[in-house]
Every structure is written in structure tokens, then in C-alpha cells.
Amino acid sequence: MDHFLYRDGVLHAEDVPIPEIAASVGTPFYVYSTATLLRHYHLFNDALDGTDHLVCYAMKAASNQAILKTLAQAGAGMDVVSGGEYLRAKAVGVPGDRIVFSGVGKTAAEIRLALEGGIRQFNVESEPEMEVLNATALSMGVVAPITIRVNPDVDAKTHAKIATGKSENKFGIPIARTREVYAMAAAMPGLDVIGIDVHIGSQLTDLAPFELAYQKVAELTELLRAEGHDIRRLDLGGGLGIPYTRDNQAPPLPSDYGALVKRTLGHLGCEIEIEPGRLIAGNAGLMVSEVIYVKSGEDRDFLIIDGAMNDLIRPAMYEAYHDIVPVVEADPGAEQVKFDIVGPVCESGDTFAKERMMPPVAAGELVAFRSAGAYGAVMSSEYNSRPLIPEVLVQKDQFAVIRRRPTFDEMINRDTIPEWL
Ligand SMILES: *Cc1c(COP(=O)(O)O)cnc(C)c1O
């Protein structure tokens, strides 16, 4: 459920009409709903009620500081995957002991940054990383709390580019080597081994892969405890999918997911962390764009809009589906027409939808991409010298620009010309 509904035939973000935002900031833009962000955070938090837990928002999904602050004030921790994300979380006042650091390629500089600023734990993904972390911690006279990410070799049954839990993926250590790697870590004086981490992929629409992975984590917990490791925290990653279409089968609810976590891991008495990203931000955001031209082709019409693959890359990169709807609702009697919906970028990949049936729209009208809140603005670029599009946050009847559109001069003047030219 989200808070983007039609009222009197006009799409609103909470109590704000979308055309009002468009008139103020220009198109294209992203708009997020505070109520939806908070609703999704609370669904997860409530789902783990009764267990010692922390919901760490995977901020790579949407990392604008206004979004982070909204969630942090509600009690969320943060899952970060770079030094930049760590500093963003700190910038909005998230304390270090509510930030977990994930990712396969943490550099020594990033590790130092997090140790200086405080960190809840590092989710370590390899032996070489363990060695660098140990050496860095020792050189600073501190001890780094760690979990080790295990790769459970479970098929997440999601798009190949966002599956992470199979043995062929770059993530985590193979489960067969767990004992050996934990023993190595325990022998390093700069590390405090506190738990296990797992994350098998993104946009999972079935609980079965989670169940398989968490059963393996439960077995591992008992095994590692028997070897003398004080396993007291389990980080279960993110990955729960969202409905991108209105008609397909809805993915499992956070409450079902929470029940699964309690059933598979509750008996171990561990603190539970989860790292949802997409399910918190995905349906909390729209991308709004204006139709520039309607072009008739040989066998189809093209809707050429002012948003492009540089603004929202998911369709080009993951063959992702987004519902695309007119901002001003069509007459109930209007017949649906077939469009290819494309952007102005000079690549055929700049296609958002092929042969999409939708109500007729004309040049100058607005369309909204639903479910664009996660992996949207954060993955945008200035390809084709198109300035990054603005982000807007709505709360009830108020809206605020939370990242403004750079001017052409700002974009162009980031280049510097060498002396010899
Ligand atoms: C990407 C990622 C997440 C978030 O995944 P979602 O599918 O957005 O919930 C969580 N943890 C780790 C380690 C990740 O890489």
C-alpha cells in the first residue's frame, strides 16, 4: 500500500496534487511519501516484535538525507555499503552503534572512517578483508565487532543481477568453509566475532529461499557455538520484494517474513538485524515526467517523455517493469491505447516499456512511474548531459525539495580544462 492516490481525477502524493509539484520544480522529478516510508518501516519493526531486534534500512535503495532522517527518527538503524553512505548516515545524526557496514570491497580508508566514527558491526565478506580490518583496528588500538557473511548457496529465484546467495556470486564465504574462517577470525586480536550475516538477493517474491537460508544459519549458529564462538547477533539481510504491478501475485508481507524469522531462528536467543531497502523505499516514490511528443511509428506509437534511462535505469538494466500512469486520470470510458514509452537518450535501451496498454495521453501531459522510490534516484547519472533530476519529499499537505536540480552551469563547470589546452 502507498499514499499515491487519485482524488477528483488527479494523482496526489499524500495531500499534495502532483501537478502542483511539477509546476514548482519542473519535470522530471522524484517524489517520496513520508507516510509510506514510515508505514513500511513500522511493518518490519512490528513483524519482529517480541524479539531483540534492529531494522537497519539498506540506504543504498534511496539515500537522500531527508529520507534517512525520517526513518532514523522513527528508530531505524542503517546498513551502509561505502564510506560515503556511512558519512551520509552520520550527517543526519545516526549514532555509530546503529550503523552496520556491508559490502565485499571495503577499503582500509573506509574501515578507518567507520572505526573512528563508531560502528555497530562490520559484515565481513572475505579473509583478506578480515586481515585488513584486524590490522587497521590494531593500529588504532580498538577492537572491531564483526559478523561474517556466509553464502548459503541458495537460489533466490530473482533477477540474475540481484541474486547474491549462490556459490557462483561474489558475496560472502562458502558455507563449507565457515568453521575454518571463524577460527581464523577468533584468533585475530583486533576482531570481536559476534555473529553471522547472510543476504541472498533482492526482489524475492517467495519466502522459501529465505527459509532455506535461515535454516542453514540456525544450524551454523549451533555449530559455531559448539566450537566456542559467542554467536549472539544474526544479520539476516534484506531482499523482500515489492509488487511492481497491480495485477500480479503480491509478494509475502513483512508480517509473514517476521513469523518465518521467529520460527527458524527465535529459539537461539540471538539479537536479530534485518536490512530491508526496496520494501521500505520502493513504493514510497514516484518518478514524474512530462510527455514531449507522441510520435506515430509504423506499427506502434511512441510516447517520448522528458525522463530517460539516466534518471531511472531499472528498466534498461534489469528489464524492470514499472506501472506508468497518467497523472490526470483518463475518462472512465476512454479506450486504452498501445505505446512504447521512451526517453530522449540516444540508445535504444532508453525504453521504459514496450507495447504498453494505457489510457491515451497527449504532449504536455504528465505521467507517473510507480514503485520508483528504490534504486531510482540513487542510480541516476548525467548521461547525455542531462542534469540530475530533483527529489521532493511530501508530508501530508506539505512538500519540500530535498535535492534540487543543478543548473546547467553547475553541471558543466565540474569539468576542468588542462593547462595545455
Ligand atoms: C542491497 C542489500 C540489501 C537491501 O536489499 P533490498 O532488496 O533492497 O531489501 C540489504 N543488505 C545487503 C548486504 C545488500 O547488499
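The values are calculated or read from the model by the stated rules, or taken from the named source; none is laboratory data. Every value quoted in this text rests on a predicted model; they were computed, and no experiment measured them. Here the Cβ is made from the backbone with ideal geometry for all residues, glycine too, and neighbour counts use every protein chain on show.
Side notes on the structure shown:
- Restricting the range 150-201 to residues that are within 16 Å of the ligand (Cβ to nearest atom) and more than 29 Å from A316 (Cβ to Cβ) leaves a set whose member that is surrounded by the most Cβ atoms within 10 Å (Cβ to Cβ) is V198.
- Within the range 262-283, the residues that satisfy the criterion of being within 16 Å of the ligand (Cβ to nearest atom), in contact with a Lys or Arg (Cβ under 8 Å, 6 or more places away or on another chain) and not in a strand (DSSP E or B) are G277, N283.
- Any hit, the range 249-264, residues being under 30 Å from R370 (Cβ atoms) and free of Cβ contacts under 8 Å to residues at least 12 places away in the same chain: yes
- Assessment of the range 233-241 against the conditions (more than 16 Å from the ligand (Cβ to nearest atom) and surrounded by fewer than 21 Cβ atoms within 10 Å (Cβ to Cβ)) yields no matching residue.
- Scanning the range 101-138 for residues that are under 18 Å from V150 (Cβ atoms), within 16 Å of the ligand (Cβ to nearest atom) and among the charged types (D, E, K, R) gives K106, E125, E129.
- Taken over the range 209-232, residues that are more than 15 Å from the ligand (Cβ to nearest atom) and hydroxyl-bearing (S, T, Y) amount to 1.
- Exactly one residue out of D311, D256, D299 is away from the ligand (no atom under 16 Å from the Cβ) and either under 26 Å from the mean Cα position of the chain (by Cα) or among the small types (G, A, S) (or both): that is D311.
- Residue in the range 293-302 that is buried (at least 21 other Cβ atoms within 10 Å of the Cβ) and modelled with pLDDT of 95 or more present: no
- The range 1-15, residues that are surrounded by fewer than 20 Cβ atoms within 10 Å (Cβ to Cβ), more than 21 Å from the chain's Cα centre (by Cα) and among the aliphatic types (A, V, I, L, M): L5, V10
- Restricting attention to the range 364-387, the residues that are farther than 28 Å from A330 by Cβ, touching a residue at least 60 places away in the same chain (Cβ under 8 Å) and assigned to a loop (DSSP other than H, G, I, E, B) add up to 5.
- Under the condition of being basic (K, R) and either crowded, with 24+ Cβ neighbours inside 10 Å or within 17 Å of I194 (Cα to Cα) (or both), the residues counted in the range 256-286 number 1.
- Residue list for the range 205-247, filter: part of a loop (DSSP other than H, G, I, E, B) and closer than 20 Å to G195 by Cα: E227, G228, H229, D230, I231, R232, L236, G237, G238, G239
- Members of the range 21-43 found to be touching a His at 6+ places or on another chain (Cβ under 9 Å) and not polar (S, T, N, Q), listed by number: A35, R39
- With respect to the conditions (1) of a type in the set (S, T, N, Q); (2) part of a loop (DSSP other than H, G, I, E, B); (3) modelled with pLDDT of 95 or more, T158 lacks only one, and its number is (3).
Let's see how each residue does on (1) farther than 22 Å from V25 by Cα; (2) not β-branched (V, I, T):
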{"site": "V337", "(1), (2)": "yes, no"}
{"site": "I341", "(1), (2)": "yes, no"}
{"site": "G349", "(1), (2)": "yes, yes"}
{"site": "L388", "(1), (2)": "no, yes"}
{"site": "V392", "(1), (2)": "no, no"}
{"site": "T407", "(1), (2)": "no, no"}
{"site": "M411", "(1), (2)": "no, yes"}
{"site": "R414", "(1), (2)": "yes, yes"}
{"site": "I417", "(1), (2)": "yes, no"}
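- Residue pairs meeting the criteria (Cβ under 9 Å; at least 6 apart or on separate chains; first in contact (Cβ under 8 Å) with a residue 12 or more places away in the chain and under 16 Å from M358 (Cβ atoms), in the range 293-308; second among the polar types (S, T, N, Q) and surrounded by 12 or more Cβ atoms within 10 Å (Cβ to Cβ)): I305/T27; I305/S289; G307/T27; G307/S289
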